[in-house]
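Asker: Before anything else, here's the structure in question.
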Amino acid sequence: MTLPLLGAAIRRPDLDILRDWLFEEKRAIEIQDFVMPDVIAGDPRDLIESYKVALAGHHGPRGIHGPFFGLDLANPDVEIRAVIQQRLLTGLEIAEALGGTHMVVHSPFTYWHVLNRDNYSQIHGQMIEAMHACLAPVLARAGEIGCTLMLENIDDTDPAARVAAVAAIDHPALRVSLDTGHAELAHGRYGAPPVVDFIAQAGARLGHVHLQDADGYADRHWHPGEGRILWPAVFAQLATLPELPRLILEVRNRIARLPATVRNLQERGLAR
């Protein structure tokens, strides 16, 4: 059996540290510098050009993490929604310039929505309608440039909520993303299902995974093996999917240790 090949989420200095490791195996790269409001709303041309030079010779898959601070995809205010759309369209321009074929965006669903499902029975449908309206021009542009939006769980405790949203919007440029650490936090703090059930619920719609470990208390972004996630079960569940999603290690610190982290997973027969 061929083990899944893991990529990495990086910022510009990280690329210099991990260049050989990323390039030699044609690992996926997810660029994350453009999430910050001052970067996405400013003039990113110098940073884009720096990446273009540094990425010369990289032949693996590539994408970006889209902007998300304050950008609620289910915002019902049309005027605010226009700003959100513009930020996401700018993200797609950056993705296109850097050869990106995916852009991560954040889910608007929270534990509050689960607790108040019966109290406000109409809210789930209203949120999906607002998301559809917000993303319509963004998805149209994404389809034109061959980029897929990946809807990541953030405060989600119901693993089916964003899957249902992706199914309802029903656009080929929109798929589900899973962050393992976010799911573990929701499981530990709010009684959400475990990580493997998030994978099972997403099924064939799962196009992207952020791999990070956690302790079920906070959003740690530790290296796999440093927290409590059961990685053999996670990779076994991923193996049941009809197609492997794009697998991205998203760790917060000690990024130079990523090759060693992956070697450890490989020695355990999980990934490479």
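The values are calculated or read from the model by the stated rules, or taken from the named source; none is laboratory data. Here the structure is a predicted model, which is why all the values come from computation and not from measurement. For neighbour counting, all protein chains shown are included, and Cβ atoms are generated from backbone atoms with ideal geometry for every residue, glycine included. Heavy atoms of the whole protein, side chains included, go into the accessibility calculation; ligands, DNA and RNA do not. Shrake-Rupley method; radii C 1.70, N 1.55, O 1.52, S 1.80 Å.
Asker: Go through (1) farther than 22 Å from Ala74 by Cα; (2) touching a residue at least 24 places away in the same chain (Cβ under 8 Å) one by one and return the number of the condition Pro172 breaks.
Answerer: Against the list (1) farther than 22 Å from Ala74 by Cα; (2) touching a residue at least 24 places away in the same chain (Cβ under 8 Å), Pro172 comes up short only on (1).
Table: residues versus (1) out of contact with any Pro (no Cβ under 8 Å at 6 or more places or on another chain); (2) free of Cβ contacts under 8 Å to residues at least 60 places away in the same chain; (3) within 30 Å of Ala167 (Cβ to Cβ).
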| position | (1), (2), (3) |
| --- | --- |
| Pro193 | no, yes, yes |
| Leu206 | no, yes, yes |
| His221 | yes, yes, yes |
| Pro224 | yes, yes, yes |
| Val234 | yes, yes, yes |
| Leu244 | no, no, yes |
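Asker: Shifting gears a bit: Spot the failing condition for Ala140; the list is (1) of a type outside the set (Phe, Trp, Tyr); (2) more than 22 Å from Thr180 (Cα to Cα); (3) buried (at least 20 other Cβ atoms within 10 Å of the Cβ), and only one is missed.
Answerer: It is condition (3) that Ala140 fails.
Asker: Having 2 or more residues that are more than 22 Å from Ile169 (Cα to Cα), open to solvent by 50 Å² or more (accessible area, probe 1.4 Å) and among the hydrophobic types (A, V, I, L, M, F, W, C) is the bar; report the helices (runs of 4 or more DSSP H) wholly within region 1-118 that clear it.
Answerer: Fully inside region 1-118 and qualifying: 111-115.
Asker: Can you list residue pairs whose Cβ atoms sit under 9 Å apart, with the first residue in region 3-28 being more than 19 Å from Leu265 (Cβ to Cβ) and the second being among the charged types (D, E, K, R)? Count only pairs 6 or more apart in sequence or on different chains.
Answerer: Arg11/Asp33; Arg12/Asp33
Asker: Name, by its number, the condition in (1) aliphatic (A, V, I, L, M); (2) out of contact with any helix residue (DSSP H, G or I) (no Cβ under 9 Å at 6 or more places or on another chain); (3) within 27 Å of Asn264 (Cβ to Cβ) that does not hold for Ala218.
Answerer: (2)
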